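Report on the following structure.
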Amino acid sequence: MSDHVQTLLDRLPRLGEAVLVTLELTLGGAVLALVVAVVLGFGSRTRTLWVRGPSRVIVEFFRGTSLVVQLFWIYYVLPAFGYELEALAVGIVALGLNYGAYASEVVRGSIESVPQGQWEASVALNLSWFHRVRRVIFPQAWALMIPMLSNLLVQLLKGSALAYYITLHDLNFWTVQLRRSTSDTVFSYTVGLLVYFVIAYALTWFMNWLEARAKRRLGIGPQRPSLRETLRLEPAPVPTAPTAPTAPAAGVRTGGAP
Amino acid sequence: MSDIWNWERAWEVLPDLLAGLRITVLATVVGMVIASLLGLALALVGRAPNRWVTVPVKFVVDFVRSTPLLVQLVFVYLLSPPEIPGLAIGCVVLGVHYATYMSEVYRAGIDAVPPGQWEAATALNLPRARTWRAVILPQAVRKTLPGLGNYAISMFKETPFLFAIQVVEMFAEAQSFGANTFSYVEPLTMVGLLFLLVSYPTSLLVRRMEIRLA
Amino acid sequence: MTTTAPGTVPAIEFRDVVKRFGDHTVLDGLSFSVPRGQRVTLIGPSGSGKTTILRLLMTLEELSDGLILIDGDPYTYEYLGQKWAPVPEKRRREVRKRVGMVFQQFNLFPNMTVLENIIEAPMHVLGLSKHEAVQRAEQLLEKVGMPEKRDARCTDLSGGQQQRVAIARALAMDPEILLLDEVTSALDPEIVADVLAVLRDVAQTTDITMLLVTHEMQFAREVSDRVLMFDHGRIIEEADPETMFTAPSHPRTQEFLKAVLG
């Protein structure tokens, strides 16, 4: 066992590099996913058919085909059309598009749960559409969508383990290497999974902090989140909007590991 | 386009893909049966009054849920004796992984049964086991059906992970065809479309069920 | 129905306005006009189309047919030759600057403080500097009697206080026309008086054209110059408040006022 620990210590610098790759994939994918989600989420609820139609098709397409297929398609097939991406970019694009499609449903549902009166008041004040969304609607919808985005973020982290199969040296790769040099499956995989768990925990913690902050700005929830609340692993139940109590978003499906 | 896409190759790979689809569906069905049963068990254990039971169970559930299925699959595969087929391992790991999600769905379903139902069962002096079986669970399970459907679709789309443990399902068929002929365009594109072809109509059905049961 | 003197352009004019929700026709060829500076109260049973009129004026609903003119300009729809077409959003916004609205449910933005609620539109729509906007907001908060709540969170305020902030927010845009949609209906009876006092003050100290939908008949009688009685999307009676509340002529009006005033 002490040999193993020695090997583990020897490999710590490379663990740092591996975690960095996993984090690049996760955070890069998450940022892309958020952009995709906001664009498609708003696109899916416009009245103009030629915006709504394509948005719906893109969402259903990326939800309906598997992440694995999408990743390998971008890696193997896209170059045939003349678009060759670096492996890291392939990972980020695949994760971003796939989870972006899921997150767009969360965005759409949360936007729909913002009370209608908020839209009306911002029309009455003559704010432009973009201004309405940016300053009035989105800040309120944001607080509603964080818990579900938090779930998706952890799933995105889990999906990033695929990167090993397109030659990236991520945490999954590091785990395989550790097993090779220790020849101890239980030891190496337990360590690898624990590192994944710690990252997932840290991401959830960060999202809980964001949520508490967003809710505090809306004047709902405690002014300071309790320690227990900050440290809990699962996201809080969806809060109801402060002005008029509305039913939770009809469009939001709470399930949905892709 | 025509020099990239070859219809002949597409026809050639289709039978392999359909054979793979059978394995994919089989893994999903078996995995989902395990997930539904184990998920219910986890939800019930999670309600036990003893903290020495609930806290460790909760930790294991959180751990399994927040670590990659792909890594879990390979881990269990490497630990298992070689005579157990990869498909069986795949089904079990898929089932256990999704059981951690399903337990949450059951928990929400059970919580959604109005307290008056418990009180009425107590007033009728029903034994505890009977209360669960005849009163609470039938109402709770009804509410969990859409969640079950959504997770079945998710699991279906995650079965390609089984390629990592040498199970030749639909994606692995495409992958090996691509590796042998050096043309990935037709097999990978068709796999994607086949996934869409199965999962999209299913998700429409689930949505309808959601509306019906809401 | 027009009571404007010839030669002056009314602040608001409805011309053969039709509004349908699906198969249900709420307004069926409605025409009336409001001269500048007049205070008009719309009364009538619920579902008679009063609120729809305010919502059409705020572009919260789309017309089914007809024209609405603000200061003589087509507002949401216009005739291009024979063709009845929506006015482009850019021009709607120009006209809409002159119209403000206070809602039954206040609709303050919960993600902003009281002050931020009031200065948001003056800064970003009228282009005031922050300094000017804050100064104006502080004066208005003074006017509605809540200067000390400047930095409070909207969700910490009572309903009556929220509505007073909402009035200040609407006035901060310096509207020529103010729409008041049942502004006291969501409030507890004991705080209704505070809100009405603020509105009475606004009515006395400004020359804003006001269109009110209210169930506060005493208040309507005090502040309005003219009362329109609606039933099934038509004006069935119009009169000065004194006549309307003491000697209504239409049997439906008599019935309605009897039911409301008890």
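The values are calculated or read from the model by the stated rules, or taken from the named source; none is laboratory data. Note that this is a predicted model, so its numbers are computed, not measured. Glycine gets a Cβ as well: all are built from the backbone with ideal geometry, and neighbour counts include every protein chain shown. Quick note on the areas: whole protein, heavy atoms, side chains included, nothing else; ligands and nucleic acids left out. Shrake-Rupley method; radii C 1.70, N 1.55, O 1.52, S 1.80 Å.
So here's what we get for this one:
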read-out	value
Cα gyration tensor category, rounded, prolate or oblate, for region A:19-113 with a/c compared to 1.5	oblate
Ranking by accessible area, most exposed first, for B:D3, C:D71 with a 1.4 Å probe	B:D3, C:D71
Note, ³J(HN,Hα) from phi for region C:77-91, Karplus 6.51, -1.76, 1.60, rounded to Hz, x at Gly and Pro	9, 8, 9, 9, x, 8, 8, 8, 9, x, 6, x, 3, 4, 6
Heavy-atom accessible area, 1.4 Å probe, ligands and nucleic acids excluded: residues of region B:68-98 down by at least 40 Å² from chain alone	B:P68, B:L70, B:V71, B:F75, B:L78
Average accessible surface area per residue within region B:15-213, 1.4 Å rolling probe, Å²	47 Å²
Between helix B:137-158 and chain B: long-axis angle, C-alpha atoms, 0 to 90°, nearest 10	20 degrees
Relative contact order (percent, whole number), region B:15-213, Cα cutoff 8 Å, 6+ residue spacing	31 percent
Protein heavy-atom accessible area occluded, C/A pair - total, 1.4 Å probe, Å²	2100 Å²
Label point distance in nm, A:R217-B:L126, each placed 7 Å from Cα along Cα→Cβ	4.8 nm
Two-site label geometry, B:Q139 and A:R180: point separation in nm, points 7 Å out along Cα→Cβ	5.8 nm
Apportionment of accessible area to carbon and sulfur, chain C, percent (1.4 Å)	47 percent
Estimated FRET transfer efficiency (C:V9, C:D65; beta-carbon r; R0 35 Å; 0.05)	0.95
Alpha-carbon centroid distance for the pair region C:146-207 / region A:162-202, whole angstrom	61 Å
Surface accessible to a 1.4 Å probe, B:C91 within the full protein complex, Å²	10 Å²
A:L15 accessible area, assembled protein chains, probe 1.4 Å, Å²	30 Å²
Chain B: angle of helix B:7-45 to the longest principal axis, Cα-based, in degrees nearest 10	20 degrees
Size of region C:7-67 as Cα extents on the principal axes (Å, biggest first)	38, 23, 19
Residue-normalised accessible area of region C:99-174, given per residue in Å² at a 1.4 Å probe	37 Å²
Candidate residues B:V135, A:V90: accessible-area rank, largest first, probe 1.4 Å	B:V135, A:V90
Region A:62-171 - percent of accessible surface contributed by carbon and sulfur, probe 1.4 Å	61 percent
Semi-axis lengths, Å, chain B, gyration tensor of Cα atoms, sqrt of 5 times eigenvalues	41, 21, 12
Alpha-carbon spread of the protein assembly as shown, three principal axes, descending order, Å	98, 71, 53
Interface size B-A, as summed buried accessible area [1.4 Å probe, Å², nearest 100]	3800 Å²
Inverse mean reciprocal Cα-Cα distance (Kirkwood Rh) of region A:167-218, Å	12.9 Å
Potential extension, C:V18-C:R36 segment - 0.36 nm per residue separation minus Cα distance	4.1 nm
Exposure of C:S46 as accessible area (Å², to 10), given a probe of 1.4 Å and all protein chains	110 Å²
Column: log10 I(q)/I(0), Debye, Cα scatterers of region C:103-142, q = 0.16, 0.26, 0.29, 0.34 Å⁻¹	-0.39, -0.89, -1.00, -1.11
Using a Förster distance of 22 Å, the FRET efficiency for B:W11-B:N180 (Cβ separation, nearest 0.05)	0.85
Mean accessible surface per residue for region A:2-231, computed with a 1.4 Å probe while every protein chain stays in place, in Å²	41 Å²
Residue with peak Gaussian network fluctuation, chain B [Cα springs, cutoff 10 Å], from B:G116, B:G147, B:G95	B:G116
Protein-only accessible surface order, largest first, of A:E105, B:E210 at 1.4 Å	B:E210, A:E105
Chain C: radius of gyration and largest Cα-Cα distance (Dmax), Å	18.6, 55
Largest-first ellipsoid semi-axes for region B:97-146, taking √(5λ) over the Cα gyration tensor eigenvalues, angstrom	23, 10, 8
About the Cα centre, charge dipole magnitude for the protein assembly as shown (Lys/Arg +1, Asp/Glu -1 at Cβ), debye	1240 debye
Within the accessible area of chain B (1.4 Å probe), percent carbon and sulfur	68 percent
